[in-house]
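I have placed the structure first, in the form of structure tokens, so that the comments after it can refer back to it.
Computed from the coordinates by the stated procedures, all read-outs in this text should not be read as laboratory data. These figures come from a predicted structure and were not determined experimentally. Note: ideal-geometry Cβ built from the backbone for every residue, glycine included; neighbour counts use all protein chains shown.
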Amino acid sequence: MRNAIKVILVGFVALCLCACGGKKEALNEKDITEKLNEQDFMVSDFTSQMEDDSMKSVLIANNGNYQIEYYEFESEKRAKKAFNDNVDMFETINDKKGTTKSDETYDKYIQELSDTYNSLTRVGKTLIYASVNIEYKKDLNNLLKDLGY
């Protein structure tokens, strides 16, 4: 009987540890630049061109096929607002609902049109945005997965 309880307890602890591993962690400007450079993206810093003081960092990365944009805000609250504002904008402009997935550490929005794939992911106080030709959907999703977004 004690062995059965131990087995159940060990299984429960293992399950809890696996569930806790799903939390996403935001990449800072230095780390995302390094990871994107490793993936053959040219990364440019546009922070000085932004007039919004709540943005700590703005990077645009391009690999010749598509680009992604990285934003780091001063707070998670501001990043969440930017995420929600952009979701509203996508749905208004394109007149089509997308899908949203949220957790305590992130929000992800996907909108698939006939020829365009829009992706917006917030992790902590960072946001990654990409609008790519539908043919690069899989490449983009693999990249975001590699980045932890």
Next on the checklist: What distance in nm lies between label points placed 7 Å from Cα along the C-beta direction at K81 and T47?
Outcome noted: 2.1
Next on the checklist: At 10 °C and a viscosity of 1.306 mPa s, what translational diffusion coefficient does Stokes-Einstein give for the chain, taking Rh as the Kirkwood radius over Cα pairs? Give it in µm²/s as a whole number.
Outcome noted: 94
Item to check | Pair-distance profile P(r), taking every C-alpha pair of the range 86-149, with 5 angstrom steps and integer % | outcome: 4, 17, 30, 26, 17, 6, 0
Checklist entry - Contour minus end-to-end for T99 and E38, with contour as 0.36 nm per residue of separation and end-to-end as the Cα-Cα distance? => result 19.0 nm
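Working out 0.36 nm times the residue gap between I110 and Q67, then minus their Cα-Cα distance, what length gain in nm do you get to one decimal?
13.9 nm
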Checklist outcome for this item: Over the Cα atoms of the range 21-109 the radius of gyration and the largest Cα-Cα distance (Dmax), both in Å, equal 14.3, 37
Item to check | For the range 14-149: relative contact order, % (alpha-carbon pairs under 8 angstrom, 6 or more apart) | outcome: 23
Checklist entry - Which ordering of R122, R78 is given by a fewest-first count of other beta-carbon atoms within 10 Å? => result R78, R122
Checklist entry - Where a Cα-Cα gap under 24 Å defines reach, which lysines qualify for K24, not counting those fewer than 8 residues away within the same chain? => result K35, K56, K77, K80, K81, K101, K108, K125, K137, K138, K145
